[in-house]
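These notes concern the structure reproduced below.
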Amino acid sequence: MNHADGTGLIFENGQARTARYEYYDLRVCPACGETRYIARRATFCSNSCKAFKGDAAKYSACHARVYRARGAAVSCVWGCESNKYEWANLTGDLTNPDDYAAMCHSCHSRFDAGRASIEPNARPSRTPVKLNPDIVLQIRRRHAAGETTRAIAGTYGVNQATVSFVLTGRTWGWV
């Protein structure tokens, strides 16, 4: 795009765009530092600049910042073997890329759930945890006594596959 004609028009491929000129101001983008036409209701010059909001960055922008700074997570700090590793925030300081540890998905979920249970301001997990170690042991006892996975799942409000994963150790194997 060419913006330097002084008319206040926005040009794209040599052609003036004809819509909403009055909604743009020529100003410096606080994220990239370039002088651009920025919509009056916007703070940044483009969507790509929105990820760099400093301390006001949202959750996904902070995780993207960690990925750019540290690369992809390749192992779990607890030594778990998995095909999916993620960056987990340790103390709630989302803006600091050094405040993250690499974890497998299940350890990350358990870590976040544990933090949420003891820290009043911890970010809640995306889905509420319906099982805990006591319920897992009850599920195993009920199945050993001959109860069906469907009946057990209905009791605890979980999917039948969740009960099967608990019984086979795919999830909650550490209990």
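The values are calculated or read from the model by the stated rules, or taken from the named source; none is laboratory data. None of the values given here were measured: they were computed from a predicted structure. No Cβ is skipped: glycine too gets one built from the backbone with ideal geometry, and neighbour counts run over all protein chains shown.
Listed here are the residues, each with its yes/no results for (1) assigned to a helix (DSSP H, G or I); (2) within 27 Å of the chain's Cα centre (by Cα); (3) modelled with pLDDT of 90 or more; (4) closer than 18 Å to H105 by Cβ.
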site	(1), (2), (3), (4)
A116	yes, yes, no, yes
N121	no, yes, no, no
V129	no, yes, no, yes
V166	yes, yes, yes, yes
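Has region 33-48 got any residue that is at pLDDT 75 or above, surrounded by 15 or more Cβ atoms within 10 Å (Cβ to Cβ) and touching a Leu at 6+ places or on another chain (Cβ under 6 Å)? Within region 33-48, one or more residues are at pLDDT 75 or above, surrounded by 15 or more Cβ atoms within 10 Å (Cβ to Cβ) and touching a Leu at 6+ places or on another chain (Cβ under 6 Å).
Please state which of the following conditions H143 fails to meet, knowing it meets all the rest: (1) more than 18 Å from T171 (Cβ to Cβ); (2) at pLDDT 80 or above; (3) in a helix (DSSP H, G or I). Here H143 clears every test but (1).
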